[in-house]
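Trainee: Here it is: the structure, laid out below.
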Amino acid sequence: MDQQDLQLLTERIDREIEASREQLEADTIRMIAIRSVKGAPLPGAPFGPGPRAMLDEALRMGAEAGFHTRDYGVGVVSMSLKEGQPDLGIWLHGDVVPEGTGWEHPPYRATRYQGCIIGRGATDNKGQLSAIYNLLKIFKKMDIPLRYNLALYVGSDEENGKHDLTGVAGNPDAGGFCKVCTPPRLSLVPDASFPVGYGGKGALNIALQSREPLRGLVITAGLDDDPGKAEAVIGGRILETRSPLRHGAHPDPNGNMITRLMERLLAEPDVSDADRPVLDFFRRTSLDVHGDGFGINVPSEHMTPTTVFCKQIVTEDGRPTMRVNIRYPIELTAEEALSRIEKAAAACGVGIVSAERPMEPYLLDPANPLITALADIANSITGDNKPPYTLGGGTYAHDLPNALVFGMDGCKVPDGYPAGRGGAHGLDELVCVDRLIRAMRIYARALLFLNEADW
């Protein structure tokens, strides 16, 4: 296709994208209405009824649009423009994190607000899902000839370890897409930012437990029904602290509800001197968001610093266990990180009682011509001059072969929106419709470019 024909086609697609605005909003609201939080596995629903309901809704939407739909039987479905094996996959997820308490707007009855849509999952990841779905409908309506088979994939466990891709031992309904299915030749993952993500940190989920029971003290924090709350019962009294919800890849350097609760307990005269080292360890760890005290904040050429996110405390048999999520760069191994943490914790009467590795770090060559071309396409629409980057958060690109993170920057909080609200995983999460429209325009150009490129 010559440049003039390509320009005319792109202009036609842009007009269709703008005309789809109302449907884009309606589809986003339709999906937000499903509380797709992970639950107990059921037959055919390995990640619970909520995520399964979202997959069923995606299949219905695909059928309504006349796409070729498929349920892979592992917690992943797809809708493609053609029959047969997809060559290019765009990967999104329909599951969401728990909503918690303290919303000013109903989390599952979406609210339109100053060009945005508010609701749990609006920007992580249902607004993006709606944008790609509507863009595929436009390509189908316009009968744009593509040399490849394009598909939208929808997963259902991205927020809890991506077991829809990697599998769950002993559950035949969760065999793991990457283990039992054929991935597309190239995958794009619009679950972060433009221009292009070419690598990502590894992750560790560890549990740090006091070696000895606490004396007359019970602590809980970050439970699913109220993830922003920490509570201690001491001497018949209840102490409570709260903090705004944040994404695990971006812990607050000023601490969170765990920090505040530990500070209050350390100021209590009724707290035993024998318990204070453990409480102070929890306090310091919740403030040390880059892991300097553990010696795990290693220099990295391509990746941002290590992050340590203290998210939960449960107490069993008097011994508090703090659950911590760590995102580490490729220069550090998981084994070395665990060794250093174990050594630092032992000095305070704390030990590691469990450790999971939900994702390994990965790194592609940022000079790859495909990466630079997609970055140029994104920057041409956003008006930025940003280079490709690596991610702190986890996406499907960690586990899929030949995958790039591409957009979408969906969350742009309007002026006057309450501070600390609106972001992914946060209270009153929102997605900006103009940002989704912009992302659709970027993806349209990328899909046309990929139709002419070799990959």
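Trainee: Would the range 187-202 turn up any residue that is touching an Asp or Glu at 6+ places or on another chain (Cβ under 9 Å), among the hydrophobic types (A, V, I, L, M, F, W, C) and assigned by TED's automatic domain parsing to the domain that holds residue 162?
Mentor: yes
Trainee: Can you confirm whether the range 13-33 contains a residue that is farther than 18 Å from residue 129 by Cα, touching a residue at least 40 places away in the same chain (Cβ under 8 Å) and of a type in the set (Lys, Arg)?
Mentor: No, the conditions are met nowhere in the range 13-33.
Trainee: Could you grab me the full set of residues in the range 368-379 that are farther than 16 Å from residue 453 by Cβ and touching a helix residue (DSSP H, G or I) at 6+ places or on another chain (Cβ under 8 Å)?
Mentor: Of everything in the range 368-379, nothing turns out to be farther than 16 Å from residue 453 by Cβ and touching a helix residue (DSSP H, G or I) at 6+ places or on another chain (Cβ under 8 Å).
Trainee: A further question on this structure: Out of all the residues in the range 312-323, which are in contact with a strand residue (DSSP E or B) (Cβ under 8 Å, 6 or more places away or on another chain) and surrounded by fewer than 20 Cβ atoms within 10 Å (Cβ to Cβ)?
Mentor: 312, 314, 315, 318, 319, 321, 323 - these are the residues of the range 312-323 that are in contact with a strand residue (DSSP E or B) (Cβ under 8 Å, 6 or more places away or on another chain) and surrounded by fewer than 20 Cβ atoms within 10 Å (Cβ to Cβ).
Trainee: Say we look at the range 336-367 and pick out the residues that are part of a helix (DSSP H, G or I) and within 24 Å of the chain's Cα centre (by Cα); which of these is farthest from residue 186 (Cα to Cα)?
Mentor: Going through the qualifying residues, I end up with 338.
Trainee: Please specify each residue of the range 39-56 satisfying the condition of being surrounded by fewer than 20 Cβ atoms within 10 Å (Cβ to Cβ) and in contact (Cβ under 8 Å) with a residue 12 or more places away in the chain.
Mentor: 39, 41, 43, 44, 50, 53 - these are the residues of the range 39-56 that are surrounded by fewer than 20 Cβ atoms within 10 Å (Cβ to Cβ) and in contact (Cβ under 8 Å) with a residue 12 or more places away in the chain.
Trainee: Return yes when residue 203 is in a strand (DSSP E or B), within 14 Å of the chain's Cα centre (by Cα) and either on the phi > 0 side of the Ramachandran plot or of a type outside the set (Val, Ile, Thr) (or both) and no when it is not.
Mentor: The answer is yes for residue 203.
Trainee: Does the range 121-136 contain any residue that is among the aliphatic types (A, V, I, L, M), modelled with pLDDT of 95 or more and farther than 28 Å from residue 415 by Cα?
Mentor: Yes, the range 121-136 has at least one match.
Trainee: Under 8 Å by Cβ, and 6 or more places apart or on different chains, what pairs join a residue from the range 403-416 that is at positive phi and in the same structural domain as residue 393 (by TED's automatic domain parsing) with one that is at pLDDT 95 or above and part of a loop (DSSP other than H, G, I, E, B)?
Mentor: Every condition considered, the pairs that remain are 407/190; 407/193; 407/194; 409/193; 409/194.
Trainee: Wholly within the range 53-131, which strands (runs of 3 or more DSSP E) include no fewer than the required count, namely at least 3 residues that are within 23 Å of residue 23 (Cβ to Cβ)?
Mentor: 76-80, 88-93, 111-113, 116-118
Trainee: Let me ask another. In the set 298, 289, which member is of a type in the set (A, V, I, L, M), under 15 Å from residue 325 (Cα atoms), crowded, with 16+ Cβ neighbours inside 10 Å and free of Cβ contacts under 8 Å to residues at least 40 places away in the same chain?
Mentor: Testing whether each residue is of a type in the set (A, V, I, L, M), under 15 Å from residue 325 (Cα atoms), crowded, with 16+ Cβ neighbours inside 10 Å and free of Cβ contacts under 8 Å to residues at least 40 places away in the same chain leaves just 289.
Trainee: Identify the residue in the range 380-414 that is touching a helix residue (DSSP H, G or I) at 6+ places or on another chain (Cβ under 6 Å) and aliphatic (A, V, I, L, M) and, among all such residues, is surrounded by the fewest Cβ atoms within 10 Å (Cβ to Cβ).
Mentor: Filtering first and then ranking leaves 381.
The values are calculated or read from the model by the stated rules, or taken from the named source; none is laboratory data. All of these numbers come straight from a predicted model, not from anything done at the bench. Please note: Cβ atoms are built from the backbone with ideal geometry, for glycine as well, and neighbour counts cover all protein chains shown.
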